[in-house]
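First comes the structure, then the notes that go with it.
The values are calculated or read from the model by the stated rules, or taken from the named source; none is laboratory data. Everything quoted here is computed from the prediction, not taken from an experiment. Cβ coordinates were reconstructed from backbone atoms using ideal geometry, including for glycine residues, and neighbour counts include every protein chain displayed. Keep in mind that these areas ignore ligands, DNA and RNA; they rest on the heavy atoms of the full protein, side chains included. Shrake-Rupley method; radii C 1.70, N 1.55, O 1.52, S 1.80 Å.
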Amino acid sequence: MKTGLVLEGGAMRGMFSAGVIDVFLEEGLAFDGVVGVSAGATFGCNIKSGQAGRAFRYNKRFAKDPRYGSFRSLFSTGDYYNVDFCYRRIPEELDPFDNKAFAENPMKFYVVATDADTGKPVYVRMKDCREKDLEWIRASASMPLFAKPVEIDGRKFMDGGIADSIPLRFMEHKGYEKNVCVLTRPLGYRKKESSLQPLIDRMMRDYPVLAEAMRKRPARYNRTLEYIKEREEAGAAFVIRPPETLPVGRLEHDPEKLEMAYRIGIREARRRLPELRSYLEKAKEV
């Protein structure tokens with residue numbers, strides 16, 4: 001029975017997931033496949049390259065660096081997170097990503113992006129996390145209002161969370177029967193319609209279908225949470241989530257708060273570790 005890992009996004013709430021992933025790496029927990037959305041993709045790729053601590057390390061190091069993320073970058077380039085710095089200088093020079101290890105690891109790694117013209121999710125398997133793969137990861141993490149659509153092969157894509165925030169159904173469709181979902185919101189959370197929707201409608205007037213997908217996102221997200229609950233109760237999904245609302249904002253720049261979210265992820269993963277091991281062992285027995 002194949003095991004899968006589903007990594008929700010949530011911008012800097014993803015530091016919680018980074019902590020969970022690092023426990024998985026340190027404990028030698030392996031999955032047959034992983035799917036990441038937005039921050040779940042940008043931080044989650046480190047599980048396939050085997051680089052425990054990397055996501056936390058560079059986020060804390062560059063949290064206050066305007067080259068990493070800033071309104072200056074947003075106003076001058078159209079992207080809050082500077083593309084050259086985040087997707088070239090960090091992985092190539094400042095905190096190198098192990099592309100070789102990523103490519104050689106048999107674990108499959110998928111990312112989710114949203115087609116800007118159709119509003120539908122697109123699922124893409126990563127091969128080596130080099131140039132084109134990084135474009136897909138960037139597209140998956142391109143938040144509306146804070147990034148431009150990313151053009152790939154003549155089409156434009158944005159944040160995967162718009163169309164499929166927690167792609168458990170995708171993994172099940174791909175044949176992963178036992179899945180671990182790492183969420184970045186606590187139990188009981190339900191998404192409400194964004195107060196920024198009128199601004200989104202204006203700013204995304206060239207992509208009306210995408211703007212409409214944003215409007216429908218809360219209802220879609222909440223239905224997904226209900227589905228995850230059903231699968232969890234049926235023993236087909238194991239869910240790790242923050243015990244309470246994380247102490248970080250979406251565009252958090254405070255290194256101490258980032259570390260707090262990361263440490264919460266580590267603690268929660270370790271607390272659930274015995275249950276998780278049992279769950280994964282049962283998958284091997286089938």
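Taking the highest mean first, how do the peptides 16-27, 202-213, 223-234, 113-124 order by number of other beta carbon atoms within 10 angstrom per residue? Mind showing how you got there, number by number?
Values: 16-27: 23.7, 202-213: 16.1, 223-234: 14.0, 113-124: 20.7.
For the peptides 16-27, 202-213, 223-234, 113-124, the packing ranking is 16-27, 113-124, 202-213, 223-234.
Specify whether the C-alpha gyration tensor of the range 208-263 places it in the rounded, prolate or oblate class, a ≥ b ≥ c being the square roots of the eigenvalues: rounded for a/c under 1.5, otherwise prolate if a/b is larger than b/c and oblate if not.
Because a/c hits 1.5 or more and a/b fails to exceed b/c, the range 208-263 counts as oblate.
Hey, any idea what % of the range 192-231's accessible area is carbon plus sulfur with a 1.4 Å probe?
Summing carbon and sulfur atoms, their accessible area is 52 percent of the total for the range 192-231.
Starting at the first residue of the range 78-95, write each ³J(HN,Hα) from the Karplus equation 6.51 cos²θ - 1.76 cosθ + 1.60 with θ = phi - 60°, in whole Hz, x for Gly and Pro.
x, 10, 4, 8, 4, 4, 5, 5, 6, 10, 10, 5, 5, x, 9, 10, 7, 8
Kindly report the accessible area of the range 56-188 per residue (heavy atoms of protein chains, probe 1.4 Å, no ligands, DNA or RNA), in Å².
45 Å²
Checking the cross-link filter: which aspartates and glutamates have an alpha carbon closer than 20 Å to that of LYS2, excluding same-chain neighbours under 8 positions apart?
Straight-line reach from LYS2, under 20 Å: GLU27, ASP32, GLU104, GLU172, GLU177, GLU230, GLU232, GLU233, GLU275, GLU281, GLU285.
Mean projection of the alpha-carbon convex hull of the range 52-204 over all orientations, in nm²?
11.0 nm²
Report the label-to-label distance for ARG277 and ARG155 in nanometres (one decimal), using points 7 Å from each Cα along the Cα→Cβ vector.
Rounded to a tenth, the inter-label distance reads 4.4 nm.
How much length is gained if the chain between LEU145 and HIS173 is pulled fully straight, taking 0.36 nm per residue apart and subtracting their Cα-Cα distance, in nm to one decimal?
Contour length minus the Cα-Cα distance gives 6.9 nm.
Counting only heavy atoms of protein chains, what accessible area per residue, in Å², does the range 212-286 have with a probe of 1.4 Å?
On the way: 4230 Å² over 75 residues.
Roughly 56 Å² per residue, with all protein chains present.
Report, to the nearest whole %, how much of the accessible area of the range 1-140 belongs to carbon and sulfur atoms, 1.4 Å probe, protein only.
Numbers: 2690 of 5250 Å².
C and S atoms contribute 51 percent here.
How many lysine pairs in the range 96-252, separated by 8 or more positions in sequence or lying on different chains, have Cα atoms less than 13 Å apart? All intermediate terms of the calculation are to be shown ahead of the outcome.
Values: LYS100/LYS127; LYS108/LYS127; LYS108/LYS174; LYS120/LYS156; LYS120/LYS216; LYS148/LYS156; LYS191/LYS216; LYS192/LYS216.
Value for the range 96-252: 8.
Whole Å is fine, so just give me how far the alpha carbon centre of the range 110-128 lies from that of the range 192-245.
16 Å
Go through the range 216-225 residue by residue and turn each phi into a ³J(HN,Hα) via Karplus (6.51, -1.76, 1.60, θ = phi - 60°); whole Hz please, and just put x for glycine and proline.
8, 4, x, 5, 5, 4, 5, 5, 5, 4
Could you work out the pair-distance distribution P(r) of the chain from its alpha-carbon pairs, with 10 angstrom bin width and percents rounded to whole numbers?
7, 31, 39, 21, 3, 0
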